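For reference, the structure is listed below as C-alpha cells.
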Amino acid sequence: MANTMEEFEALLNESFEMDTPAEGSVVKGKVIAIEAGQAIIDVGYKMEGRVDIKEFANPGEEAELAVGDTVEVFLRQVENARGEAVITREMARREEAWDRLEKAYADEERVDGAIFGRVKGGFTVDLGGAVAFLPGSQVDVRPVRDAGPLMGLKQPFQILKMDRRRGNIVVSRRAILEESRAEQRAEVIGNLTEGQEVDGVVKNITEYGAFVDLGGVDGLLHVTDMAWRRVNHPSEILTIGETIKVQVIKINKETHRISLGMKQLQADPWDAVEAKFSLGSVHQGRVTNITDYGAFVELEAGVEGLVHVSEMSWTKKNVHPGKIVSTSQEVEVMVLEIDSAKRRVSLGLKQTQRNPWEVFAEQFPEGTEVEGEVKNITEFGLFVGLEGDIDGMVHLSDLTWEGRGEDVIGDFRKGDMVRAKVAEVDVEKERISLSIKALDGDPFAEAVGGVKRGSVITVEVTKIEDGGIEVDYEGAKSFIRRSDLSRDRAEQRPERFGVGDKVDVRVTNIDSKTRKLGLSIKAREIAEEKEAVEQYGSSDSGASLGDILGAALKGDE
C-alpha cells in the first residue's frame, strides 16, 4: 500500500511541476503548430510560447521538427504582454549540450559541430548549443590560408579541453584529420611494395627533390633519382600538380618514409657507355658544371665526364677552369678513361688540339729566326711570348757574345719586342730555348774558322800585363801567359813587347765552349827547332844547333 502511496505522491508532484513550471528552468513542451518559421509549443499549465524553428537545427543542418514532437525549452517568463510564455531553446540546448559534451570528452569521442565565426587566433564552433574555440593551428594538418570553404559545414571535432564553470571548450579539427590520415597512410603503405610502379601527383618542390602524393601518403622523389643526367633544380623537370610515374625504391616501416625514383623506369645510359664512347674517341659535349679541379661535360643525357684541370689546356697552367670554359658551352673532348663501376669518364680538352710545342717545332726548326714580346724577366734569363700561346726562354748565356749576360739583361724591359734564333725545342719537357746573340753569328767561330790546332798565326798585342800579354786575332781576344812568351827563361818578359806589335804564335788549343784560343810563342819556337833539326840532320851529325838555325833562317829568307 505504501508503494502506491509513494508513486501517487511522485505523480502528483510531477503534475504540479508540469502545471506550474518555475521561471528560469528547463521544461518539456509539445509542438502544437508550426507557422511563419516559428514553432508554437505548449509547455503545460495552459501556457504556450513561440520559438524560431532554426533554433532547433543542429550545426550545419536544417531543423527537423514536426507537430507532436516533445522538446525541451527554457522558460524565461511565465506570461508576457501578449499572454504568452516567453520560452527559448538556446539555454535548454546549452545545458543539454554541456551534459552531452562532458560525456563525449570523458569517453574521448568525437563531437559534431560547425565553424560559424572568426575570432582572434582562431574560430568559433557551434557544438549544438555550446560554443567552442578552434585555435588556428588546430584547423588543418598544414596551415590554412582561407578557412572560408570550411564555414558552416557539419564536421567532427575532438575536444581538447573543457571547463564548465568558465564556459570554456577548446576543440581540434586537425587531430581528426591526422588520425584519419594515419589510418589512410597505413592502408596505402600496406598496399605498396618496393620496386612497384605507381602514379603520383607532385605536391611540393624543394631544392633537393619533390614530394609526391600517392593517394593519401607522400613519398620523396630525390633530385638525384629524377633523371640519369644532372638536374640542378627539380623545377627543371617537374611542376606542382603534375601526375607522374614513379617507382617505389624504399619503404621504411618504422618512420613510414617512402623513397621514390623516376630514372629507375628508364634505361640506364651507362650500360652502353663503353661501346659508345671508346677510348681515344672525340665527341661533342656540353659543359654542365665547373669546379676548382675541372669541368663536367655531358656527353649525352645521363653520361657526364670530368675534364681535369690538367687536361684542359696545353699552355694555361694553374688557371681556374672557369677561365678556360663556361657553363653550357659546347666543347670537343677526347675520352681518356672509363670506369663503369664508379660511373666515371675522364675526358681531355687539350687532346683535341695539337700539342703547340710540336706545331712550333715543325714551323720553326732550330736555327730559325723568331720575334716575340718579353713576357717576363728572371734572374736566369728572359721569357719571350711565341706563336701558339707558348713561351721561349733566352738564357743569360745566350744574350751576348761579349761580356756577361748579367750585365746586359738590365737593358731589356717587359713588353719589348725582341728577335732571337731558335736554339732548341724539347717537346717532351715543353721547353723552347732561344738565343739573341746567335742572330749576329759567332764572332769567335768566324775568326777561328780556318785555324787548326798546331797552326801558326800572326796576332797583334793589345795589352801588356805582369802575367803576360793580351793579343787579338781577327777580333778574337786571347791571353799569352808569361811562361809561354819564350823558351828562353831570360826572354819571358812581357815588357819586351809593345802594344801594336805583330807576333807569330802557335795555336795550342781551340775551346769553343769558353771561346778561347790557347796561344804560345814558346811552343812555336820549340816546333821550329824540331823542324829545323829534322830538315838539316840530327844533332848527332856534328853540326851545331847554331849552324842548323843559321841555315834554316837563310832558307827562310
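Every number here is computed from the coordinates shown, using simple stated rules; none is lab data. Since this is a predicted model, take the numbers as computed values, not measurements. With ideal geometry, Cβ positions are generated from the backbone for all residues, glycine too; neighbour counts draw on all protein chains shown.
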If you take all C-alpha pairs in segment 365-436, what percent of them are over 19 Å apart?
25 percent
Ordered by number, the chymotrypsin sites (Phe, Trp or Tyr not before Pro) in segment 177-268 that occupy a DSSP loop and have at most 16 other Cβ atoms within 10 Å are Tyr208
Once phi is turned into θ = phi - 60°, what whole-Hz ³J(HN,Hα) does the Karplus curve with 6.51, -1.76 and 1.60 give for every residue of segment 214-227, x standing for Gly and Pro?
9, x, x, 9, 9, x, 9, 9, 6, 4, 6, 9, 7, 8
Amide H neighbours of Leu160 under 5 Å, at least 5 residues apart or on other chains, H built in the peptide plane: list them.
Val170, Val171, Ser172
So, with points 7 Å from each Cα along the Cβ direction, the Arg142-Lys276 label distance in nm works out to 3.7 nm
Descending Cα extents along the principal axes, segment 269-335, whole Å:
35, 21, 17
7 Å from Cα along Cα→Cβ at both Ala490 and Glu207: what's the point-to-point distance in nm?
10.5 nm
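What's the FRET efficiency of Gln363 with Glu460 using the Cβ-Cβ distance as r and R₀ = 45 Å, to the nearest 0.05? Don't skip to the end; give the middle numbers.
Numbers: r = 45 Å, r/R0 = 1.00.
Efficiency, rounded to the nearest 0.05: 0.50.
Just to verify a number: FRET efficiency for Arg419 and Thr315, C-beta to C-beta distance, R0 = 22 Å, to 0.05? Before the final figure, lay out each step's value.
On the way: r = 22 Å, r/R0 = 1.00.
The value I calculate is 0.50.
Assuming 0.890 mPa s and 25 °C, estimate D for segment 227-355 with Stokes-Einstein, Rh taken as the Kirkwood radius over Cα pairs, in µm²/s. Spell out each step's value before the answer.
Numbers: Rh = 16.6 Å.
D = 148 µm²/s.
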With N residues in segment 451-497, Rg(alpha-carbon) / (2.2 N^0.38 Å) equals 1.16
So what's the net charge close to Ile377: Lys and Arg +1, Asp and Glu -1, counting the other residues with Cβ under 13 Å from its Cβ?
-3
Separation of segment 132-149 and segment 228-284 by C-alpha centroid, Å?
38 Å
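Around Val282, under 14 Å between beta carbons, what's the net of Lys plus Arg minus Asp minus Glu among the other residues?
Working: positive: Lys276, Lys350, Arg354; negative: Glu311, Glu330, Glu332.
Value of the local net charge: 0.
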Among the GluC sites (Glu not before Pro) in segment 176-261, which ones are in a DSSP loop with at most 11 other Cβ atoms within 10 Å of the Cβ? Mind listing them?
Glu194, Glu207, Glu254
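Please compute, over every Cα-Cα pair in segment 179-235, the percentage with a separation greater than 20 angstrom. Write out the running numbers ahead of the final one.
Numbers: 507 of 1596 pairs.
Distances greater than 20 Å cover 32 percent of the Cα pairs.
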Based on Cα coordinates alone, diagonalise the gyration tensor for segment 200-275, multiply each eigenvalue by 5, take square roots, and list the semi-axes in whole Å, largest first.
22, 15, 11
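For Val303, what is the net charge nearby, where nearby means another residue's Cβ is under 12 Å from its Cβ and Lys, Arg count +1, Asp, Glu -1?
Working: positive: Arg229, Arg230, Lys276, Arg286, Arg343, Arg344; negative: Asp268, Asp271, Glu274, Glu298, Glu300, Glu304.
So the environment of Val303 carries a net charge of 0.
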In terms of modelled amide H atoms, which long-range or inter-chain residues lie less than 5 Å from the amide H of Thr508?
Gly454, Gly518, Leu519, Ser520
